[in-house]
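Okay, structure first, notes after.
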Amino acid sequence: MAILVHAVLDGLTTDQYDTLNAELQKTPEIFDGCVTHACVSTGNGLEIFDVWESEEKMQAFAEKMMPVAVGLGWPDGEGMGPRVLEVHNHWVPGAGG
């Protein structure tokens, strides 16, 4: 079942995000199961919105991503778990769904 993940990352900058994203792009298979991703800059930091094919695939990504993020100076995520919601319907305009 698809899920929506919403993470609020107060205190992080777009530069920190871009650095992590560039590092993760070196291993594109890490994103297996990610349907869509958006990062939004807010006055307090960043918010991430993802749709994943399943919670298991999102967890597999997080287990690989977090050591890289922490190595780049991101918080360890302790107590910062994202909000995870089941997706009732997801479609892309013009994609015939």
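The values are calculated or read from the model by the stated rules, or taken from the named source; none is laboratory data. Quantities reported herein were computed from a predicted structural model and do not represent experimental measurements. Every residue, glycine among them, receives a Cβ derived from its backbone with ideal geometry; neighbour counts consider all protein chains shown. Just so you know, the surface numbers come from the protein's heavy atoms only, side chains and all, with ligands and any DNA or RNA stripped out. Shrake-Rupley method; radii C 1.70, N 1.55, O 1.52, S 1.80 Å.
The chain: Rg/Rh from Cα coordinates, Kirkwood Rh?
0.96
State, as an integer percentage, the relative contact order of the chain based on alpha-carbon contacts under 8 Å between residues 6 or more apart.
Contact order relative to length: 42 percent.
Express the accessible area of the chain per residue in Å², computed with a 1.4 Å probe while the remaining protein chains stay in the model.
Per-residue accessible area for the chain comes out at 65 Å².
In the Gaussian network model of the chain, springs joining C-alpha atoms below 10 Å, which of Glu29, Glu86, Glu53 carries the largest mean-square fluctuation?
Greatest mean-square fluctuation among the candidates belongs to Glu29.
From zero outward in steps of 5 Å, how is the percent of C-alpha pairs of the stretch 54-97 spread across the bins?
5, 16, 20, 19, 14, 11, 10, 7, 0
Pairing the Cα long axis of helix 55-71 with the longest principal axis of the chain, what angle in degrees results, from 0 to 90 and rounded to the nearest 10?
20
For the charge dipole of the chain, defined by +1 on Lys and Arg C-beta atoms and -1 on Asp and Glu C-beta atoms about the Cα centroid, which residue among Asn89, Ile48, Ala22 has the Cα displaced farthest towards the positive pole?
Result: Asn89, furthest along the dipole toward the positive end.
Search the structure for amide H atoms under 5 Å from the amide H of Val87, placed 1.01 Å from N in the peptide plane, and list their residues when 5 or more places away or on another chain.
So Val87 has HN proximity to Ala2, Ile3, Leu4.
Angle, helix 14-24 long axis vs. longest principal axis of the chain, Cα atoms, 0 to 90°, nearest 10?
On a 0 to 90 degree scale, this one is about 70.
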